[in-house]
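*Asks:* Quick one: this structure, given as structure tokens, is what I'll be asking you about.
The values are calculated or read from the model by the stated rules, or taken from the named source; none is laboratory data. Remember, it's a predicted structure, so these values are computed and weren't measured experimentally. Reconstructed Cβ throughout: ideal geometry from the backbone, glycine too, with neighbour counts over all protein chains shown.
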Amino acid sequence: MFLPFARLYFGNKNIKPFVQAAYGMGLNRTREHYTEEEYITGYEIDGGLAFFFSKNISLDFIVGYGSLTMDNDDRKTSGRGIGGNIGISVIF
């Protein structure tokens, strides 16, 4: 699944709050006795703090809400909830 996002930082200091939003789609193909395809869609709305070590590198703490739906001809499965993440961002 490909989930591109846009992020907006606030402030001029080394610690910056931010908000971000993401939306994406994908296709899951399973082959056993027959081929099954599931279409996947998902989105996230997040916020957090970024601790910048330099102009282009930060350590990010993120909390947000996300949803994921998998749909094929026979069934539709979905999940949603609140989650968190810690990561490193490199900004080009």
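*Asks:* Out of the range 67-92, which residues are loosely packed, with under 12 Cβ neighbours inside 10 Å and either in contact with a helix residue (DSSP H, G or I) (Cβ under 7 Å, 6 or more places away or on another chain) or part of a loop (DSSP other than H, G, I, E, B) (or both)?
*Replies:* Asp73, Asp74, Arg75, Phe92
*Asks:* So the check is Cβ under 7 Å with 6+ separation or different chains; which pairs have a first residue in the range 68-92 that's free of Cβ contacts under 8 Å to residues at least 12 places away in the same chain and a second one that's surrounded by 10 or more Cβ atoms within 10 Å (Cβ to Cβ) and β-branched (Val, Ile, Thr)?
*Replies:* Every condition considered, the pairs that remain are Lys76/Thr69; Ser78/Thr69.
*Asks:* Oh, and also: So, in the range 1-24, exactly how many residues are modelled with pLDDT of 95 or more and hydrophobic (A, V, I, L, M, F, W, C)?
*Replies:* Matching residues across the range 1-24 total 8.
*Asks:* Here is a further query. Identify, please: which residue in the range 12-60 is outside any strand (DSSP E or B) and aromatic (Phe, Trp, Tyr) and is, among those, surrounded by the fewest Cβ atoms within 10 Å (Cβ to Cβ)?
*Replies:* That would be Tyr34.
*Asks:* Another question, if that's okay. Does Gly64 fit the bill of being touching a Pro at 6+ places or on another chain (Cβ under 9 Å), surrounded by 14 or more Cβ atoms within 10 Å (Cβ to Cβ), part of a strand (DSSP E or B) and not hydroxyl-bearing (Ser, Thr, Tyr)?
*Replies:* no
*Asks:* Related question: Can you name every residue in the range 1-11 that is of a type outside the set (Lys, Arg) and either surrounded by 12 or more Cβ atoms within 10 Å (Cβ to Cβ) or not in a loop (DSSP other than H, G, I, E, B) (or both)?
*Replies:* Met1, Phe2, Leu3, Phe5, Ala6, Leu8, Tyr9 - these are the residues of the range 1-11 that are of a type outside the set (Lys, Arg) and either surrounded by 12 or more Cβ atoms within 10 Å (Cβ to Cβ) or not in a loop (DSSP other than H, G, I, E, B) (or both).
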